[in-house]
1. Any residue at all in segment 93-115 that is under 29 Å from the mean Cα position of the chain (by Cα) and assigned to a helix (DSSP H, G or I)?
2. Which of the residues that make up segment 304-333 are part of a helix (DSSP H, G or I), among the aliphatic types (A, V, I, L, M) and open to solvent by less than 10 Å² (accessible area, probe 1.4 Å)?
3. Which one of Arg247, Arg240 is farther than 25 Å from Gly151 by Cα and open to solvent by 50 Å² or more (accessible area, probe 1.4 Å)?
4. So Pro420 passes all but one of these: (1) touching a Leu at 6+ places or on another chain (Cβ under 8 Å); (2) in contact (Cβ under 8 Å) with a residue 40 or more places away in the chain; (3) open to solvent by 50 Å² or more (accessible area, probe 1.4 Å). Which condition number does it fail?
5. Within segment 441-487, track down each residue that is over 24 Å from Ala373 (Cα atoms) and crowded, with 24+ Cβ neighbours inside 10 Å.
6. What are the pairs with Cβ atoms under 7 angstrom where one residue, in segment 394-413, is more than 10 Å from Leu84 (Cα to Cα) and the other, located anywhere, is exposed (fewer than 14 other Cβ atoms within 10 Å of the Cβ) and among the aliphatic types (A, V, I, L, M)? Sequence gap at least six, or different chains.
7. Quick one: which residue in Ala72, Ala80, Ala62, Ala49 is of a type in the set (Gly, Ala, Ser) and open to solvent by 20 Å² or more (accessible area, probe 1.4 Å)?
8. Would you mind finding the one in Gly151, Gly118, Gly138 that is open to solvent by less than 50 Å² (accessible area, probe 1.4 Å), more than 29 Å from the chain's Cα centre (by Cα) and not hydroxyl-bearing (Ser, Thr, Tyr)?
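The values are calculated or read from the model by the stated rules, or taken from the named source; none is laboratory data. Here the structure is a predicted model, which means the values were calculated and not measured. Cβ placement follows ideal geometry from the backbone for every residue including glycine, while neighbour counts extend to all protein chains displayed. Areas reflect the complete protein model, heavy atoms only, side chains present, ligands, DNA and RNA absent. Shrake-Rupley method; radii C 1.70, N 1.55, O 1.52, S 1.80 Å.
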Amino acid sequence: MPPIARSSGLAATLIATVLLWSSIAMAAGTGRAALPDLRALAQHARVSALVVRLRDMHPIAALNPDERLRPASVSKLFSASAALQQFGPAHRFTSRFASHGAISHGTLNGDLVFVGGGDPSLDNRRLHELVMRLKARGVDKVSGNLVIDQGLWGQVPCLTQDRCDAHERASHAYSAPLSSAGVNFGTVMATVYPGDSAGAPTRVVLHPEGLPGYRIDNQVNTVPASAKTSLMAWRTYDGRRSTLHIRGTLAVGHGPYDFQRAVTGAAAETARVLSAMLANAGIPVAGTVITRSGNVNTDGTTLARVQSASLAEQLIAMMAYSNNYMADTLTLDVAANSGQSLPLSLPRASQALEALSARANAFAYPKAAAGNAIFDSGSGLSLGNRVSARDLVSLLAYMFHQNALFPAFYGSLPVPASAPSKTLKHGNSDFETRLVAKTGTLSDPVTVRALAGYFRLADGGFAAYGIVINGTKSKPNLTYRQTVMAYQDDLEGILARH
């Protein structure tokens with residue numbers, strides 16, 4: 001009997017080994033079959049892709065999962081996660097007016113200090129509410145200066161090329177500068193109205209009304225209702241004043257055309273906005289406007305305050321519109337709240353994202369020796385960020401198991417069918433309804449396309465996926481069909497089988 005028992009044990013071991021290697025081979029084969037379009041693309045581009053079942057981290061598909069590439073805006077998954085862990089989904093950022101002066105007969109005898117609270121979504125509406133609360137406090141006049149205090153982070157250098165270039169010229173909103181006292185996502189807001197008839201002058205209005213510091217170069221023509229509306233706008237700065245240039249045509253009856261462009265300085269723009277709002281509210285300021293990066297704890301008594309929407313609500317907008325300003329603001333907020341020394345820089349603040357990635361990798365793949373992802377920004381606007389598909393999936397797996405945070409994190413990711421972007425609206429029904437996704441796109445110096453998120457399995461479980469595509473020096477430019485259609489077709493195939 002003993003020899004037979006030993007023989008049976010050996011046979012069982014051999015059978016188990018065969019079954020194990022068979023399952024590994026089947027998984028490898030499935031991985032190869034599951035990503036045909038991305039594998040074809042990898043012949044002339046750099047591709048990192050990984051799809052896993054979260055219940056047991058079983059790999060559904062993989063292609064160069066540990067190759068770290070430029071991730072573009074899927075970096076925002078890390079800044080959102082870090083903010084949720086630092087502050088919690090219900091956190092609200094506070095912006096306030098403070099002063100050491102006393103109020104006497106409607107006059108604030110001293111400086112009026114606006115203390116920036118690092119609110120990623122502070123806009124004209126909430127600033128107007130703050131001014132109205134100051135008015136309700138009994139302030140009708142300020143004898144001193146209007147001070148804009150951005151001391152929460154200190155003066156943040158631009159560093160990223162797009163943001164540095166935007167100081168002199170900005171044709172977009174995505175390259176807006178950063179400040180803990182910034183408003184309107186670091187942009188100037190304007191509206192163009194058509195004339196009443198073809199050939200009638202168009203009109204440009206800045207927001208708020210009476211916003212100082214801008215010259216308007218408006219060369220937009222009103223054209224017949226049957227003609228095409230086409231506008232372009234950019235801002236330039238000559239060292240003293242900014243000019244908004246608007247060109248094109250606006251059809252009769254066409255609704256007002258709104259646009260935003262990155263400003264030269266975020267805190268200086270807040271100073272202009274508040275100056276206009278205070279004047280419009282009938283609260284004259286006798287002194288000058290000062291911007292400082294001092295100590296936010298020495299501003300005296302709080303006279304009025306407003307709070308932001310909850311962090312969970314803000315993340316929905318940040319992810320849907322891939323807002324760079326919000327993502328990098330949150331990254332700096334995390335660093336400031338963690339006690340980093342001032343002034344902050346975005347690369348130094350982004351070390352918190354690297355630490356988060358290391359924790360996530362250790363959680364999801366405790367025995368993997370993969371090193372760490374690299375971040376210079378939380379938005380992905382920086383070309384220095386380097387992230388692999390495994391880094392993305394590890395983070396998604398890590399957040400999936402954060403019971404208090406996962407609902408807010410998952411809820412921030414758009415479903416393609418209801419996303420404002422048209423990038424993901426060409427897939428089949430499964431693609432548009434069963435997954436949530438964060439996209440990433442850059443065009444210079446090479447094409448970057450990325451996608452990461454979750455999808456529901458047929459059995460009701462969850463899977464996580466990460467895909468990063470980079471052009472190469474020899475083939476820097478990749479088309480929409482080569483990139484977006486490739487990962488879309490491959491994901492549709494996986495959804496059909498799972």
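1. Taking every residue of segment 93-115 in turn, none turns out to be under 29 Å from the mean Cα position of the chain (by Cα) and assigned to a helix (DSSP H, G or I).
2. Correct list: Leu311, Leu315, Met318, Met319, Met326, Ala327, Leu330, Leu332.
3. Criteria check complete, one pass: Arg247.
4. (1)
5. Result: Ala486, single match.
6. Ala397/Met57
7. Ala62
8. Gly138
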